[in-house]
Amino acid sequence: MWKTLTLVTTALALVACSGNKSDEAPADIAATPESTAPDGATPGYSAERNAYFGDMHIHTRNSFDAYIFNVRRTADDAYRFAKGETIKHPSGFDMTIAGGPLDFYTVTDHAEYLGILPAMNSKDSPLSELPRSKDMFSTDPAKIQAAFQGVGASVRSGDKIAEMYDEPLINSVWGQNIAAAEKYNEPGVFTTFSAYEFTSVTTEDDEGGFGGGNLHRNVFFRGEAPDRAFSTLDSTNPEDLWDWMDAQRADGRESIAIPHNSNVSDGQMFRLETYNGDPLDAAYADQRNRNEPLVEVTQVKGTSETHPDLSPNDEWANFEIYDELLASNIVSKTNGSYVREAYQNGLKFQEEQGFDPFRFGMTAASDSHVAGGAYAENDFWSKIGIVDGLPFQRGSVPTPGITDWADQPDNQTTQSAKHWFSRWSASGLTGVWAEENTRDAIFDAFRRKETFATTGPRMKVRFFGGFGYTADTLNATDLAKQAYAGGVAMGGDLVGTGEAPNFIAWAIRDANSAPLQRVQVVKVTSGGEAVYDAACSGGTTPDASHRCPDNGASVDIATCTTTDGTGAGELKALWTDPDFVPGQRATYYVRVLENPTCRWSTWEANRNGTPPNPDLPTTIQERAYTSPIWYIPPA
Amino acid sequence: MRQLLREPLVHFIIVALLVFAGHAAWTSHVAARNGTITVTQEDMQRMAALYASESGALPSQADMAAMVSDKIRDEALSREARRLGLDAGDTIIERRLAQKMSFMVSDLADTPEPDETTLRVWYNAHTDAYTAPPSVTFEHVFLSTDRTDADTTTLLNTLNATSPPDWRTLGDPFILQRAYGDLPFRETVRLFGTDFAAALFALDASDAWQGPVRSALGLHLVHLVAKDEGSLRPFEEVRSRVEADWRDDALRTANETAIANIIKRYRIRIEGAE
């Protein structure tokens, strides 16, 4: 298709040359196209890179904790959903992706006991004869719970349940997931990866089953995938996973791992020690950065950018905070659980010991366990299946038959909603800047960390750092080209010359979501953090305290209709750090804020004709986070 | 007793017992006659390949011997189990057999050969599948939200002047691409929003620059190079896809027919059903 356009353009230039429009038509139109696509490039190739959106974290029936909640959708169903087809939720309603098909999508079933629960529930399989199978698929809730908790405990401890651990079957299901990814991967149109989730959980002495701190990460293969997946049943230590990935890499099977839900890791995800409690060193940092260049910062189980306790001066820090450990009511430790603090600790390590174990970029995903992600506030179905599929189960509306929140009964459903589901989010998506929609181009973008995370909408944001950007650069029609040529993009290291760097922060709204309110730069140093508004909607500029004026946007809670105020389609700024200290390392990333809109729980309350749950925020400011640019002063 | 022997039911039972005894004798006779268990070279190669794919190494002599001995044990035990009738009434075995039979049926079902007329009939009956979505090929000069109408008029005149400057040097930078080829309607909505897509697809292709067209992002002067209304693609162009689709369907139908024919050989009785 791109070639067609180039030909058309060339033809037009020729027509123009032949005198239709002008005798002096610029002869260099065809000679200097915006992008020079190499041979074999797919349609839409752009040397200045396109924004592609995807969800890299999807579970299907083959995940033990999806099947138990009646999820029966397959990897095929998941990919069909991402391409715009409608599939069924286990609670019986239809799910169609909000905002149109995605560009990339990845099924990441839990590797532990992959595909085993479906076999345990199938009369075709000898596994169905196990007493545990009979309990798990009985009608007795106590037996079901005990059988399932046993599986969770095994995943957590790494101690295999021998009779359930049918390795040939697990490997064969892994092969099916690989085959599904291959089947739906279509260069130029839709990208998939072979991937799985490594499900490590820290142990809490007083918690049973699956409860504990989340050290989960998803493993993605660039191309060929191995015929078995390294799981917690091999080792619960993520550093052993990295060893395995290194070994696979040496055999030509390149991969990355993306950790998620650091917010409920109990301070373990960005802990300042190794898994076994040893001090970190340069070799650890190298191995971690090599294998984990990205972190998933927002998803259905909350946002892990920062916490109000860590960022008391950030007015937007209290956003979709979710902090109870997996399958537990224990509150996760804050320190060691959030991305911004990890960036700061990384700089401390760098300055004190010469290495930074936390130099990662940002992504987002849904972590849907029903094969399809719910990204829109006004069309939400949560995550798990039959336990959170309906509004009353997730606490957005009172128990059926009740209209006043004061009369809400205290039972298992309302407790689950209160502690977990009501605080979950319609989030998120990963944006990447890549030349084309192919596995190689997108995986390269992951490696470059040229990624951004959104809480659901598809706003697009670019971020560049350099030393010579000017107001002219900002208005040049080939801005992206000049910006790449004159500096580094998000995810890059900006090595200093001694002078102050400047940055270009540039965002456009999702045409099908709300307008933009502001673009901010978040600065992190070893000694602190600061949030600067860089671009304000309505053509206004930030005041002396680096804040935009109110743009007049509003939400009517009763109807969820919004007024745009001066909300912007596009925001763009040339930004210079007003507090720049030459010689000091600094990590900069961009946060883009939409105008406020109704939170999913408010939409559902309005549809139900009941008041919004008084314990929940009624509105939300959807946002995007870019991967940082790391400023490194001259030696 | 004599009276009893006259009862038809008793006759039936006796005959049935005789038949059963005969069948059992025959089965055991066959089992005895067919008392050889052969492990072929192909069997062993298959075992070795399976071993290698699971363990990543070729089997040693000892591994091979163990696998052959397992195979013999399984074969002998399963023949004995069948001889004793243990396969009847076992859900797992029944489903496996049905599955195997249905694979066999799909192998046996004739691969049909379509003629031209058949394919054209199929094509005409499934035009939706062969209709390309509407799409546009266009270039655009973007103007950020702050620009006034005066700017766009001047700019439009400049672009349509007899000696226009390179359009790529005009307007504001655009964060995405400034030229799109064959962009489908749905994709246009996704990138620029519904209003822009509707307005753009309402324009006619022209050498002249048109607009401004408003999007959620700002204003766009557009050079609509080509517009494809999303017509049905000619039969000749999609012939191979039509044939593949027809074949898939024909094979599926043939399989279903074959299975239905097998079912027809049985009288079906569902208790409790009308």
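The values are calculated or read from the model by the stated rules, or taken from the named source; none is laboratory data. Just so it is clear, the structure is predicted and the values come from calculations on it, not from any experiment. Here the Cβ is made from the backbone with ideal geometry for all residues, glycine too, and neighbour counts use every protein chain on show.
Quick look at the values:
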item	result
The one condition in (1) of a type in the set (A, V, I, L, M, F, W, C); (2) more than 21 Å from the chain's Cα centre (by Cα); (3) assigned to a loop (DSSP other than H, G, I, E, B) that residue A:358 fails to fulfil	(2)
Candidate set: the range B:200-233, residues that are among the charged types (D, E, K, R) and in a loop (DSSP other than H, G, I, E, B); chosen: the one surrounded by the most Cβ atoms within 10 Å (Cβ to Cβ)	B:233
Residue ID - surrounded by the most Cβ atoms within 10 Å (Cβ to Cβ), chosen from residues in the range A:44-72 that are part of a loop (DSSP other than H, G, I, E, B) and aliphatic (A, V, I, L, M)	A:71
Number of positions in the range B:217-239 that are more than 22 Å from residue B:167 (Cα to Cα) and touching a Gly at 6+ places or on another chain (Cβ under 6 Å)	0
Condition met for residue A:81 (among the aromatic types (Phe, Trp, Tyr), assigned by TED's automatic domain parsing to the domain that holds residue A:371 and at pLDDT below 95)	no
Only listed residue being closer than 28 Å to residue A:551 by Cβ, out of contact with any Cys (no Cβ under 8 Å at 6 or more places or on another chain), among the aromatic types (Phe, Trp, Tyr) and outside the structural domain of residue A:564 (by TED's automatic domain parsing), chosen from A:446, A:452, A:503, A:463	A:452
Per-region count, the range A:343-365, residues crowded, with 18+ Cβ neighbours inside 10 Å and farther than 30 Å from residue A:416 by Cα	14
Residue identified as without any contact (Cβ under 8 Å) to a residue 40 or more places away in the chain and more than 8 Å from every other protein chain (Cβ to nearest Cβ) among B:208, B:202	B:202
Segments classed as helices (runs of 4 or more DSSP H), wholly inside the range A:105-172, with at least 2 members that are within 14 Å of another protein chain (Cβ to nearest Cβ)	A:116-120
Filtered residues of the range A:438-485 (kept if part of a loop (DSSP other than H, G, I, E, B), buried (at least 23 other Cβ atoms within 10 Å of the Cβ) and within 12 Å of chain B (Cβ to nearest Cβ))	A:457, A:458, A:459
Given (1) in contact with a Ser or Thr (Cβ under 8 Å, 6 or more places away or on another chain); (2) among the aliphatic types (A, V, I, L, M); (3) farther than 26 Å from residue B:193 by Cα, index of the condition residue A:130 fails	(1)
So residue B:136, is it surrounded by 14 or more Cβ atoms within 10 Å (Cβ to Cβ) and more than 9 Å from chain A (Cβ to nearest Cβ)	yes
Selection status of residue A:426, more than 14 Å from chain B (Cβ to nearest Cβ), closer than 29 Å to residue A:380 by Cα and either free of Cβ contacts under 8 Å to residues at least 40 places away in the same chain or in a loop (DSSP other than H, G, I, E, B) (or both)	yes
Which numbered condition residue A:31 fails, given (1) over 27 Å from residue A:189 (Cβ atoms); (2) away from chain B (no Cβ under 12 Å); (3) modelled with pLDDT under 95	(2)
The range A:487-500, subset modelled with pLDDT of 95 or more and not in a strand (DSSP E or B), residue nearest to the other protein chains (Cβ to nearest Cβ)	A:490
Residues (within 14 Å of another protein chain (Cβ to nearest Cβ) and either touching a Pro at 6+ places or on another chain (Cβ under 6 Å) or part of a helix (DSSP H, G or I) (or both)) located in the range B:79-97	B:91, B:92, B:93, B:94, B:95, B:96, B:97
Selection within the range A:343-355 - under 13 Å from residue A:285 (Cβ atoms) and touching a strand residue (DSSP E or B) at 6+ places or on another chain (Cβ under 8 Å)	A:346, A:347
Single residue of the range A:372-422 satisfying the filter (under 24 Å from the mean Cα position of the chain (by Cα) and acidic (Asp, Glu)) that is nearest to residue A:514 (Cα to Cα)	A:377
Enumerated strands (runs of 3 or more DSSP E) restricted to the range A:568-635, each holding at least 1 residues that are over 21 Å from residue A:350 (Cβ atoms)	A:570-576, A:586-594, A:623-626
Residue count for the range A:288-313, restricted to those that are within 11 Å of residue A:363 (Cβ to Cβ) and of a type in the set (A, V, I, L, M, F, W, C)	3
All positions within the range A:314-341 that are of a type in the set (S, T, N, Q) and either closer than 28 Å to residue A:546 by Cα or surrounded by 17 or more Cβ atoms within 10 Å (Cβ to Cβ) (or both)	A:318, A:328, A:332, A:334, A:335, A:337
The range B:152-169 - residue that is among the polar types (S, T, N, Q) and more than 7 Å from chain A (Cβ to nearest Cβ) and, of those, nearest to residue B:209 (Cα to Cα)	B:160
Scan of the range B:170-199 for residues that are of a type outside the set (A, V, I, L, M), facing another protein chain (nearest Cβ under 7 Å) and crowded, with 17+ Cβ neighbours inside 10 Å, ordered by number	B:171, B:172, B:173, B:177, B:178, B:181, B:182, B:190, B:192, B:193
